[in-house]
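Novice: Sharing a structure with you now.
Since every read-out is calculated from the coordinates, none of them should be taken as a lab result. What you see is a predicted model, and the numbers here were worked out from it, not measured in a lab. Note that we place each Cβ from the backbone using ideal geometry, even for glycine, and neighbour counts take in every protein chain shown.
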Amino acid sequence: MAIPPRSPTAILLLLILLSAPPFLTASADADLLSELESIRSRSNSGVIHLSDTLLRRIISTKPRSFNLIIFFDALQLHDKSELHLKSLKSEFFPLSKSFTTNNQHSQSTHSRLFFCDIEFGESQPSFAQFGVNALPHIRLLPPEANNLSSDSIPMDAGDFSGLADSMAHFIQSRTKLAIGLIHRPPILSKTQVGFLIVAFLISLPFLLRKLLAGETLFHDKRFWLSGSVFVYFFSVSGTMHNIIRKMPLFISDRNDPSKLVFFYQGSGMQLGAEGFAIGFLYTIVGLLLAFVTHVLVRVKSLVAQRIIMVIAMVVSFWAVRKVVYLDNWKTGYAVHAYLPSSW
């Protein structure tokens, strides 16, 4: 039997059907992108709260044109201070808001990255798909990712140890998108600043009277001595670095969350406990030096001077050697006068 010739209408319909999938996928990506932008605009911080349903829809949309940076949270673990979930989240939110503010006039950049959070109690299946079994945890989901566990990129502990700054560096290095300046809320509100100014003005006459009478702390030599020791410890322990970067004193072990890590090996990260340990050792050396140069020289007994001097030298050598050992452990750099290679 002869095959009837196809009409032009049938051929046109066939061509439309063959060309429909690319248009449909592009439309799906555009619709999803529009929805995510709408959710972000309704969020004060610009962070999108993910659910299992929304995440499944994102993964099923192919191809995608945007990245997701996801903060994994668990409300029941907020009370565990060693995890620092609250402080990390308080840095993640300003980072998201800063990205939105800095790139709101650049649509090409603004629509290529979305900051999201997901909560364990609400989305346990998603945690399992990502393979997340310990917190804190932050992951980047690239546009081409299909498998949540193998195709997403986790942040290492060092990537969020410096909080918002190091998170921004991780995102920029992986996505090639500029975060821009991180806008942090002021430490004191205008009301608090006004209250402090009023309180200072009220107390100013009393402060002047004490100052003229020589009855303030600034006239007490013990205050200056204690202040000098505090400033010395503050300087050598890296406390200012810890305050600026909001470094935690310790972190939980990624392999065993029940264990705490006080000393982190690697030059890219320094925990607060490390700085305080180094500051304590250096303060011992400084106090011994001050004692030897200001007090020991007044001791009349030559034997006592020699014994105390030897003890001070041994303790100082031990303290400095501990500092050099820690630096060698973290960076591999060795000072051979204290740490010969043969040791």
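Novice: If you take the alpha carbon radius of gyration of segment 23-175 and divide it by 2.2 N^0.38 Å, what ratio comes out, to two decimals?
Specialist: That works out to 0.99 for segment 23-175.
Novice: Work out the count of Lys pairs in the chain where the Cα-Cα distance is under 20 Å, with the pair 8 or more places apart or on different chains.
Specialist: Pairs that pass both the separation and distance tests number 13.
Novice: With the dipole of segment 23-175 worked out from charges on the C-beta (+1 for Lys and Arg, -1 for Asp and Glu) around the Cα centre, which of 172, 132, 65 lies farthest toward the positive end?
Specialist: Farthest towards the positive pole: 65.
Novice: Still on this structure, I have one more. Let me make sure I get this right: for segment 109-208, a, b and c are the square roots of the gyration tensor eigenvalues over alpha carbons, sorted descending. Under 1.5 in a/c it's rounded, otherwise prolate if a/b > b/c, else oblate. Which is it?
Specialist: Prolate, since a/c reaches 1.5 and a/b exceeds b/c.
Novice: Something else about it: Kindly give the semi-axes, whole Å and largest first, of the ellipsoid equivalent to the chain, taking each as the square root of 5 times a Cα gyration tensor eigenvalue.
Specialist: That gives 60, 28, 16 Å for the three semi-axes.
Novice: Compute the angle between helix 164-175 and the longest alpha-carbon principal axis of the chain, please, reported from 0 to 90 degrees and rounded to the nearest 10.
Specialist: 40
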